[in-house]
Amino acid sequence: MSRIGKLPITLPQGVEVLVGQDNLVTVKGPKGTLTSQVDTDIIVAVEDGVLTVTRPTEQKRHKALHGLYRSLINNMVVGVSTGYKLSLELVGVGFKATTQGQNLELALGYSHNIFVSLPPEISAVAVTEKGKAPVITLEGIDKQLIGQVAAKIRSLRKVEPYKGKGIRFVGEVVRRKAGKTASK
């Protein structure tokens, strides 16, 4: 039995899960609504505020899907009840970030500023404190979408190992390399 798949999901107060036709799972909560298509072989059942995901056989495919769909549904439940937050840090001289609605403007040491258009489901806040690196905080209910947007922003200036400059997650540890040593 899948260790993750067999765990039941306890639905928090105010969260409602509907399993529709063709295993379309809809999760409604105080922060919004998320839907996901679950494979037709996997059985999703809701009883007394507890959601369970079961598989019909012990096939390798069913074993793989069991834990996957349980995790995806759990991420949707957590998203609509508490939401997700991800913070990125801009480390480098002259690196700046500003937000205007759903647009994010980044100055990352290139000859031009980079403009990133964010999806409407995600809100971003850029904070710059004196003496500290600017921090971009992404918030939303869809964990997958927030991770994808953060990866896109991070790819604009990856952290380099010699000086540690670039965009990184807050708290991320970057392995540093030694530079050249001058010979006599």
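The values are calculated or read from the model by the stated rules, or taken from the named source; none is laboratory data. It should be emphasised that the depicted structure is a prediction, and the values quoted were computed from it without experimental measurement. Because the Cβ atoms are built from the backbone with ideal geometry, glycine has one as well, and the counts that use them run over all protein chains shown. Ligands, DNA and RNA are excluded from the accessible area calculation, which covers all protein heavy atoms including side chains. Shrake-Rupley method; radii C 1.70, N 1.55, O 1.52, S 1.80 Å.
By the gyration tensor of its Cα atoms, with a ≥ b ≥ c the square roots of the eigenvalues, what is the shape of the stretch 84-169: rounded for a/c under 1.5, prolate for a/b over b/c, or oblate?
Verdict is prolate for the stretch 84-169.
Quick one: Karplus J couplings for the stretch 96-105, per residue in order, coefficients 6.51, -1.76, 1.60, θ = phi - 60°, nearest Hz, x for Gly and Pro?
Couplings: 9, 9, 9, 10, 9, x, 9, 10, 10, 9 Hz.
What does the highest-first list of 61-73, 40-52, 157-169 look like by mean Cβ count within 10 Å?
Going from most to least packed, we get 61-73, 157-169, 40-52.
Over the stretch 84-169, with the other protein chains present, what is the accessible area per residue in square angstrom, probe 1.4 angstrom?
Here the residues of the stretch 84-169 average 58 Å² of exposed surface.
Write out the trypsin sites (Lys or Arg not before Pro) in the stretch 89-151 meeting two conditions: DSSP loop, and at most 10 other Cβ atoms within 10 Å of their Cβ. Walk me through the intermediate numbers first.
Values: sites: 96, 130, 132, 143; in loops: 130, 132.
Answer by residue number: 130, 132.
Count the net charge of all other residues whose Cβ sits under 15 Å from the Cβ of residue 142, scoring Lys and Arg as +1 and Asp and Glu as -1.
On the way: positive: 28, 31, 85, 143, 152; negative: 121, 139.
It works out to a net charge of +3.
Counting other Cβ atoms within 10 Å, keep those with at most 11, restrict to DSSP loop, and tell me which chymotrypsin sites (Phe, Trp or Tyr not before Pro) in the stretch 90-125 are left. Don't skip to the end; give the middle numbers.
Working: sites: 95, 110, 115; in loops: 95, 110.
Taking the stretch 90-125 and a limit of 11 other Cβ atoms within 10 Å, the loop chymotrypsin sites (Phe, Trp or Tyr not before Pro) found are 110.
In the structure displayed, which of 31/130; 28/85; 31/165 lie more than 29 Å apart, Cα to Cα? Can you show the working numbers first?
Details: 31/130 33 Å; 28/85 19 Å; 31/165 36 Å.
With Cα atoms farther than 29 Å apart: 31/130; 31/165.
Give me the percent of accessible area attributable to carbon and sulfur for the stretch 4-82, probe 1.4 angstrom.
52
For the stretch 56-63, take each phi angle, set θ = phi - 60°, evaluate the Karplus expression 6.51 cos²θ - 1.76 cosθ + 1.60, and give the result in whole Hz per residue in order, putting x for glycine and proline.
Result, ordered by residue: x, 9, 9, 4, 4, 4, 5, 5 Hz.
Just how large is the dipole of the stretch 84-169 about the Cα centre, in debye to the nearest 20, putting +1 at every Lys and Arg Cβ and -1 at every Asp and Glu Cβ? Could you put the intermediate results ahead of the total?
Numbers: 12 positive and 7 negative charges, 76 e Å.
Charge dipole, the stretch 84-169, about its Cα centre: 360 debye, nearest 20.
Do any GluC sites (Glu not before Pro) in the stretch 95-171 lie in a DSSP loop with no more than 12 other beta carbon atoms within 10 Å, and if so, which?
Numbers: sites: 105, 121, 129, 139; in loops: 121, 129.
Sparse-neighbourhood loop GluC sites (Glu not before Pro): 129.
Spin-label point model (7 Å from Cα, Cβ direction): what's the residue 158 to residue 181 distance in nm?
2.8
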